[in-house]
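The values are calculated or read from the model by the stated rules, or taken from the named source; none is laboratory data. Predicted model only: the values in this text are computed from it and were never measured. Ideal geometry is used to build each Cβ from the backbone, glycine not excepted, and the neighbour counts take in all protein chains shown. Each accessible area value is taken on the protein alone, full model and side chains, heavy atoms only, with ligands, DNA and RNA left out. Shrake-Rupley method; radii C 1.70, N 1.55, O 1.52, S 1.80 Å.
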Amino acid sequence: MINIHRLPDPAAVGRAAADLVDAAVLDRGERVVGLATGSSPLETYAELVRRHGRDPHSPYRSVDAYLLDEYVGLPVGHPERYAAVIRREFTDAMGVAPHRVHGPDADAPDLDEASRAYDAAIERAGGVGMQLLGLGSDGHIAFNAPGTPFDAGTHVATLSESTRRDNARFFGGDVASVPRTALSQGIATILRARSIVVIATGARKADVVGRLLSSEPTEALPATALLRHPGTVLLIDDAAAAHLP
């Protein structure tokens, strides 16, 4: 079951998500958080930085962050590698040391082994206490496209053409520059998080939000796997809620 919170606009969604992250880290003492990239969590990250970024004693400074995914094929130093993006948008400003920011090794010679190693690293860290997620327009979470098995761990994922078109905005609008594959946490990996916060804002997400909340779990719509998770909160704004009663 998904706990739904409807708010007026993306800024309000960002504040509500930041409240939930604070509840996990400050109140429950979680020290492993799962972070998403993309546009969905930007308001949340900005709000958390506003609240805590200048605090030299913030508990966030002792948090370990695990990324959902990483592109395969982007050179070291590329600004759109997700490890660089998350440091630029969030963790550096929060005082989280670079060695505490973890992602799957998309440069490894054996990507299957790197996938297994990433799942093992998350388990050794004690598991993700709070996972932030965006919601793709085709229902994907992380890079788990429609048809991904619910029992998949971290794996090499092929990006759908719709996802590559959506992400082209980060590559100067050039779809050809968007990588075709990524290492992605699998749905089974995501569902092991103790709590999950999903963010969906804007009219472009209205259709998939409506489909998610009117469907039974089905691999054709990967986000419906979250219906099986007991600790998932969905934060939507009025525009994303346009197809709901």
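Structural remarks
- Counting all C-alpha pairs of region 7-78, share separated by more than 13 Å (%): 71 percent
- Label-to-label distance, nm, for residues given as R50 and A97 (7 Å Cα→Cβ offset): 3.0 nm
- For the residues R211, R61, R88, a GNM of the chain with alpha-carbon springs under 10 Å puts the largest fluctuation on R88.
- Around V178: net Lys/Arg minus Asp/Glu count, Cβ-Cβ under 14 Å: -1
- For region 155-245, the convex hull drawn through the C-alpha positions has a volume of 113 cubic angstrom per residue.
- The chain: C-alpha gyration tensor shape, a/c 1.5 cut-off, then a/b vs b/c: rounded
- At a probe radius of 1.4 angstrom, the accessible area of the chain per residue rounds to 43 square angstrom.
- Rounded, prolate or oblate (a/c below 1.5 giving rounded, otherwise prolate when a/b exceeds b/c) for region 78-217 by Cα gyration tensor: rounded
- Take the Cα of A242, go 7 Å toward its beta carbon, and the backbone nitrogen atoms of region 194-227 under 15 Å from that spot belong to 201-211.
- In the chain, helices alone account for a calculated mean residue ellipticity at 222 nm of -7500 deg cm²/dmol, with every DSSP H run of four or more residues adding -39,500 (n - 2.57).
- Global geometry of region 57-125, whether rounded, prolate or oblate, following the gyration tensor of its Cα atoms and the 1.5 cut on a/c: oblate
- Apportionment of accessible area to carbon and sulfur, region 117-214, percent (1.4 Å): 52 percent
- Here the peptides 12-19, 172-179 are ranked by packing, the mean other Cβ count within 10 Å, and the order with the highest first is 12-19, 172-179.
- Note on the chain: antiparallel DSSP beta bridges, both residues inside, total approximately 25 percent of the bridges counted.
- Placing a pseudo-label 7 Å from each Cα along the Cα-to-Cβ vector at R88 and L227 gives an inter-label distance of 3.8 nm.
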